[in-house]
Every structure is written in structure tokens, then in C-alpha cells.
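Working notes, structure below.
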Amino acid sequence: MSIKKNFENLQNNLNMLIKHKNISVGELARRTGSAPSTINRLMNSTDGNPTLESLLALAKFFEINLSQFIGEQPINLYSTDHKSNSLFQYVTYIPRFTWDTLKTNDLTILEESRIIATQKKVSKQAFSIAIEASNLTHFNQSGLILVEPNFEPTNGCYVVVSKLNAFSSIKRYIIEDGNHYLQPLLAGLNLFPLTHDFKIVGVIIDYHPDYLT
């Protein structure tokens, strides 16, 4: 991955995490020991030129690793709140669907009636699904994702999308200049506009990379 692409991912992730945490730049600077000007450059400039020390401090605050921060690994956005009792109060059981289930848009069909336990606080519409493709960036074929249809996607998050009930896939949701795009996870493919042909089935809120091994 190029340095430019890494920085674009970092910039998207930083803006996403700040919005998700609902924290101001000044407060973030105070709690990480970073200069507000440094954070503003990372959020808005194309050449923020951050130091490793500042990146590590920010990543530590958001409770992610550096690879997640620069986009080499996915961020389980809603698991960054694990200290909040609202997300880890109890165990919930959710259905495990197949990709064919999403294709038919019949979310009543379970994969061999399998049920997955999670400590996430999720809606009754939440479900899990196994990763079948072997060439997706950031996601292992043996992994399992947890999808929440009731969450509003934010810039930089991963979503499950369907196209006219023909197929479903994982994409990254991108907002640029007020326009909405989908980024394929296959190497060499460019992002494209989110049109009415596509429906966002849900936001990926958790990922277990070795669930099926």
C-alpha cells in the first residue's frame, strides 16, 4: 500500500473515530499530549506528516493498533467502546445467515439454524455471516462478521451491500466532498458512487478473523 493511500486511510479513520467518540480536537489533544494543530493537519491536510509518537498516542487513545489506524487492518468501530457498559452488559444470540440469504432478501432463513453468541448490544435485526472470498483486503476467508442493519454508516466504516438482490458483498463506505462512495476490497478496483442500484444491508460492527478455523 502506498504512503499516500496509508495517509488517506489514516485521515478517514481519524475523522471517523473523532466523530464516533464525539470528542473535540482540543480535548483529544489534551488527552493524548498532541498539539491541536497536529490533529487538525491529520484531519484536513493532504500532507500531515505525522510523527510515529503522535500516531501511537492517538491510536492508544482510540484503543486500536497502528495497522488499524493506517487502514491495513479493519477497525471494529463499535468495539472501541468496550469500557462502556452499554455495549458489554450481557450475551445476545444472533442468527448466522448465508450470502444466498442476503441475495434472496429473506432474512428468516438461517444457515442450518446456527446461532452466534455476542456480547455486543445489538438490535433484533443483527446477524452474522461467514467470509467466503479468499482475496478480500483486511478480511480472512475463515472469518466471521457481525452486521447491524440499524446503524447509520459513517465515513470509513465497512458495510455489507446488495445490488438489486443480485449479489451481496463487503465494501468500505466513503464520503468525499459530500458525495457517497463504495470502495471494493479487491486489489486494483477503484471506489465508485453509491447509487440507487445498491442497498446498504448493514454496518459491520465486529469481526472475528479466525472464527471458522
Is the range 123-142 home to any residue that is of a type in the set (Phe, Trp, Tyr), touching a Ser or Thr at 6+ places or on another chain (Cβ under 8 Å) and assigned by TED's automatic domain parsing to the domain that holds Ile204?
no
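Conditions (1) modelled with pLDDT of 90 or more; (2) outside any helix (DSSP H, G or I), marked per residue:
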{"position": "Glu27", "(1), (2)": "yes, no"}
{"position": "Ser34", "(1), (2)": "no, yes"}
{"position": "Asn49", "(1), (2)": "no, yes"}
{"position": "Ser54", "(1), (2)": "no, no"}
{"position": "Ala57", "(1), (2)": "no, no"}
{"position": "Lys60", "(1), (2)": "no, no"}
{"position": "Ile64", "(1), (2)": "no, yes"}
For the range 152-200, give me each residue that is touching a residue at least 60 places away in the same chain (Cβ under 8 Å) and either in a loop (DSSP other than H, G, I, E, B) or closer than 19 Å to Ile75 by Cβ (or both).
Thr154, Asn155, Gly156, Cys157, Tyr158, Asn165, Ala166, Ile174
State yes or no: is Pro36 in contact with a helix residue (DSSP H, G or I) (Cβ under 7 Å, 6 or more places away or on another chain), surrounded by 12 or more Cβ atoms within 10 Å (Cβ to Cβ) and over 18 Å from Glu8 (Cα atoms)?
yes
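The values are calculated or read from the model by the stated rules, or taken from the named source; none is laboratory data. Fair warning: this is a prediction, and the values are worked out from it, not measured in the lab. Reconstructed Cβ throughout: ideal geometry from the backbone, glycine too, with neighbour counts over all protein chains shown.
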